[in-house]
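The values are calculated or read from the model by the stated rules, or taken from the named source; none is laboratory data. Since this is a predicted model, take the numbers as computed values, not measurements. Here the Cβ positions follow ideal geometry from the backbone for every residue, glycine too, while neighbour counts run over all protein chains shown.
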Protein chains: 2
Amino acid sequence: MGAFLDSLRDRVPSDRIVTDPDVIAAYAHDQAQWAPHGSPAALVRAGSVKDVQGVVAVCAEHGVPIVPRRAGTGLSGGANALDGCVLLSLEAMDAIVEIDPAERLAVVQPGVVNDALRLACAEHGLWYPPDPASAPWSTIGGNVATNAGGLCCVKYGVTRDYVLAVEAVVGRGEVVRLGRRTAKGVTGYDLCGLLVGSEGTLGVITEITVRLRGARPPERTIVGYFDDLRSAGEAVAAVTAAGIVPSALELIDRHCLRAVDAWRNMGLSADADVLLLGRTDLPGEAGEAEADAMVRLFAESGATWSARSEDEAEAEALFAARRLAYPALERLGPVLTEDVCVPRGLVPEMLSRIEATAAECGTHIANIAHAGDGNLHPLIITPAGDDAARERAQKAFDRIVADAIALGGTVTGEHGVGLLKRRGLHDELDPAVIDLHHAVKAALDPAGIFNPGKIFGTPD
Amino acid sequence: MGAFLDSLRDRVPSDRIVTDPDVIAAYAHDQAQWAPHGSPAALVRAGSVKDVQGVVAVCAEHGVPIVPRRAGTGLSGGANALDGCVLLSLEAMDAIVEIDPAERLAVVQPGVVNDALRLACAEHGLWYPPDPASAPWSTIGGNVATNAGGLCCVKYGVTRDYVLAVEAVVGRGEVVRLGRRTAKGVTGYDLCGLLVGSEGTLGVITEITVRLRGARPPERTIVGYFDDLRSAGEAVAAVTAAGIVPSALELIDRHCLRAVDAWRNMGLSADADVLLLGRTDLPGEAGEAEADAMVRLFAESGATWSARSEDEAEAEALFAARRLAYPALERLGPVLTEDVCVPRGLVPEMLSRIEATAAECGTHIANIAHAGDGNLHPLIITPAGDDAARERAQKAFDRIVADAIALGGTVTGEHGVGLLKRRGLHDELDPAVIDLHHAVKAALDPAGIFNPGKIFGTPD
């Protein structure tokens with residue numbers, strides 16, 4: 001290890017290398033509280049692509065694993081340290097290199113915070129849509145690594161849909177540019193798209209070119225109150241079946257509302273067990289019609305109350321509560337986070353099964369969901385230090401994953417596999433498909449240094 | 001070869017195997033008239049995934065290359081036969097397996113013609129957007145192999161944006177399903193997206209699940225007449241810079257209009273050297289405003305005439321002429337097709353350079369373009385059998401490719417690399433990126449049988 005650190009210091013400025021275990025400890029895991037993590041050998045706070053190149057070259061030479069990380073807001077353990085690894089933090093590479101209004105694109109370093117990019121684009125009348133609930137803290141680099149989704153994705157797509165090009169350090173330290181700046185392009189394989197969502201296992205992304213849209217149109221908000229998860233799910237399926245593509249369709253239950261209110265004292269009412277929050281951004285009459293249709297479909301699906309929100313501040317508070325639900329629940333105890341995604345028509349069935357699982361396993365499950373996508377986040381909450389509760393939670397987790405797969409769904413809609421969903425990945429994918437993953441990984445990471453074991457490694 | 005054909009007959013029904021050279025000859029190349037092709041050993045008209053599996057297994061065992069093909073409408077030679085190869089035709093696998101209106105997806109076999117899918121979707125009030133000009137003949141399988149674009153892609157994206165999942169036969173005959181049926185999903189690498197646009201070099205796609213949209217909204221058409229390419233290009237750049245995303249923005253010049261009219265006698269007027277055809281599909285007042293803005297921007301950019309088309313039949317005829325331009329020009333002699341794509345703001349500069357290249361090389365270049373995408377199709381026409389003209393054409397081709405790369409563009413926006421654009425690919429991509437291509441290819445095609453030499457193989 002001494003020889004390794006000496007080589008590292010030859011390539012990377014010393015003030016960027018941290019070996020103090022107390023400092024490193026804060027970087028050793030992301031927000032997946034249930035995922036294990038090891039003890040890193042060093043933390044490198046890269047300041048440039050040259051620093052990253054140095055780390056990769058030295059790690060390749062010495063066979064030391066690299067775990068890239070940005071803000072550490074991941075929910076699957078993808079950025080968790082491996083024993084003896086270099087934690088390669090890209091937080092300091094946080095420049096917005098360029099915003100080009102004519103070509104509608106932006107070039108950013110990986111450490112740029114999602115909301116910071118959105119704000120900078122807004123100054124040019126432009127919009128970067130992908131909006132994970134973690135947008136105030138998570139970075140574009142992390143969003144790209146996990147192919148993050150968010151609230152507006154039901155209409156506007158996920159991170160991969162916006163990544164035009166990346167610069168990455170791959171192999172043994174080669175810097176490559178993948179993708180393009182043009183609107184279209186098919187020169188060679190879509191290696192840029194392959195890197196998106198690869199959770200740091202194929203290289204370290206050092207720059208990202210994203211596509212932008214015109215300024216976000218104003219939205220109308222529709223609120224529905226429901227007595228149970230299933231009827232809220234029926235409303236989601238009804239909206240989809242009616243051919244409506246809302247600009248958001250979010251579910252949040254009473255547990256989450258209360259947790260947020262207890263934390264932030266937002267004066268949220270929780271007059272229902274489950275809330276659906278719909279939005280439409282169609283202009284003029286089309287928007288009026290879509291909003292009216294959602295109010296009606298909510299009611300027909302069993303809402304005890306549904307209406308267009310006439311109070312913009314109230315609507316904003318409800319969406320803010322949706323975004324804060326996860327950190328609010330974390331305050332109550334370790335949260336085991338699901339991220340299953342099912343066909344939209346099966347949302348009611350999946351929500352019913354989640355309720356049944358909570359009852360059968362004797363565990364507490366709060367629910368938020370990008371319901372319009374079929375992407376559900378049952379959040380399993382256990383009192384800290386209660387081993388029996390922990391076992392029941394794990395049982396519920398496994399059952400929800402199995403149900404999602406049985407319904408033709410997927411284990412992870414937007415959080416990534418990391419460590420937590422590895423077992424689910426092995427349940428979901430055929431062995432022949434996992435073999436293809438190993439082949440691609442071996443081909444692009446011949447030294448085996450990039451976040452090894454994550455995604456499709458053998459689960460514990 | 002005898003042993004190989006015997007093995008093939010053991011695995012694939014004899015009536016699906018063709019060895020008659022006269023029959024095979026018609027399948028030996030696509031529509032890239034300048035690309036070379038070899039002599040295939042056999043043609044297999046697969047009727048099922050089992051047939052495809054048989055072909056792949058036997059070819060892997062005997063080291064025989066497979067060139068997959070569907071309708072043969074490709075414009076880069078991607079489906080051209082290699083010496084001694086099996087031409088694996090998937091035309092007979094032309095079933096629309098499923099259209100699911102609730103989930104807004106369709107499952108099709110690769111031989112389904114693009115327009116046939118669009119028609120079938122329309123019966124459910126749904127829309128499959130990608131619309132290459134070849135849509136009446138080209139197949140979804142071929143569209144997926146090349147990641148085809150089309151007219152509406154300026155607003156609605158390309159084929160890859162619509163492919164949710166594929167079934168493919170890979171390796172030595174393994175059948176794998178890649179991708180998902182859900183709206184979102186990040187379980188593992190995006191191997192589905194990797195196969196899209198891989199031109200048959202990573203496996204044979206046997207089924208495709210595509211995302212659909214709601215019924216296409218009605219459109220307004222805007223027509224602009226221009227005296228030269230550059231001013232039409234200025235109008236394109238002005239539309240983009242104004243933040244307008246038209247549902248189509250096509251360029252067609254007088255040569256193409258005349259060629260179509262001479263062929264189909266459509267009574268097209270050609271009162272200008274260059275036409276721009278814009279469309280907007282925004283509803284209500286927003287659509288009115290966008291149409292008016294395009295009329296104004298065309299005029300301000302130097303149009304000699306610009307107006308909204310009040311005659312739907314005339315507008316349709318102009319778009320039909322755009323779609324028929326390529327086959328119409330083909331009647332006049334071998335066409336060497338460009339497919340460069342440049343940043344939208346540089347469309348005027350690129351069009352100027354194309355005009356200059358035509359003059360300097362003494363060659364005849366007609367122009368059509370998905371101008372709103374920056375995707376230009378200069379079509380270099382030579383009299384059959386005129387070797388000197390052929391040399392001048394090749395020189396012009398190379399100069400246009402070099403200009404596109406110099407302007408930050410790409411060699412191929414939507415046609416694929418095939419054989420014709422291989423030299424351009426090597427000019428465009430860094431050697432380190434080409435190395436990654438070879439590594440991926442070797443990893444996923446260990447037997448080296450899938451369309452070897454296409455895309456990034458050493459150009460002649």
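Laid out as a table, the results:
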quantity: Residue list for the range A:252-284, filter: within 14 Å of chain B (Cβ to nearest Cβ) and modelled with pLDDT under 90; calculated: A:PRO283, A:GLY284
quantity: Qualifying residue in the range B:374-382 (condition: within 10 Å of another protein chain (Cβ to nearest Cβ), touching a residue at least 24 places away in the same chain (Cβ under 8 Å), crowded, with 19+ Cβ neighbours inside 10 Å and touching a strand residue (DSSP E or B) at 6+ places or on another chain (Cβ under 7 Å)); calculated: yes
quantity: Single condition A:CYS192 does not satisfy, out of (1) assigned to a loop (DSSP other than H, G, I, E, B); (2) within 11 Å of chain B (Cβ to nearest Cβ); calculated: (1)
quantity: Any hit, the range A:362-370, residues being more than 28 Å from B:LEU195 (Cβ to Cβ) and surrounded by fewer than 17 Cβ atoms within 10 Å (Cβ to Cβ); calculated: yes
quantity: All strands (runs of 3 or more DSSP E) inside the range A:39-89 with 1 or more residues being surrounded by fewer than 24 Cβ atoms within 10 Å (Cβ to Cβ) and in contact with an Asp or Glu (Cβ under 9 Å, 6 or more places away or on another chain); calculated: A:42-45
quantity: Residue within the range A:337-348 that is part of a helix (DSSP H, G or I), free of Cβ contacts under 8 Å to residues at least 12 places away in the same chain and not assigned by TED's automatic domain parsing to the domain that holds A:PRO130 present; calculated: no
quantity: Unmet requirement for B:VAL239, which otherwise passes all of (1) closer than 30 Å to B:VAL163 by Cβ; (2) in contact with a helix residue (DSSP H, G or I) (Cβ under 7 Å, 6 or more places away or on another chain); (3) modelled with pLDDT under 95; calculated: (3)
quantity: Matching residues, the range B:397-427, being free of Cβ contacts under 8 Å to residues at least 40 places away in the same chain and either surrounded by 24 or more Cβ atoms within 10 Å (Cβ to Cβ) or of a type in the set (A, V, I, L, M, F, W, C) (or both); calculated: B:ALA402, B:ILE405, B:ALA406, B:GLY424, B:LEU425
quantity: Given (1) within 12 Å of chain A (Cβ to nearest Cβ); (2) touching a residue at least 40 places away in the same chain (Cβ under 8 Å); (3) not in a helix (DSSP H, G or I), number of the condition B:VAL154 does not satisfy; calculated: (3)
quantity: The listed residue being buried (at least 21 other Cβ atoms within 10 Å of the Cβ) and without any contact (Cβ under 8 Å) to a residue 60 or more places away in the chain, out of B:ARG353, B:ARG296, B:ARG322; calculated: B:ARG353
quantity: Residues being more than 13 Å from chain A (Cβ to nearest Cβ) and under 30 Å from A:ALA369 (Cβ atoms) - total across the range B:208-236; calculated: 2
quantity: All positions within the range A:149-159 that are within 30 Å of A:GLY448 (Cβ to Cβ) and either touching a strand residue (DSSP E or B) at 6+ places or on another chain (Cβ under 8 Å) or surrounded by fewer than 24 Cβ atoms within 10 Å (Cβ to Cβ) (or both); calculated: A:GLY149
quantity: Qualifying residue in the range A:125-148 (condition: assigned to a loop (DSSP other than H, G, I, E, B), surrounded by fewer than 23 Cβ atoms within 10 Å (Cβ to Cβ) and within 11 Å of chain B (Cβ to nearest Cβ)); calculated: yes
quantity: In the range B:179-189, the residues that are among the small types (Gly, Ala, Ser), facing chain A (nearest Cβ under 7 Å) and within 15 Å of A:ALA432 (Cα to Cα); calculated: B:GLY188
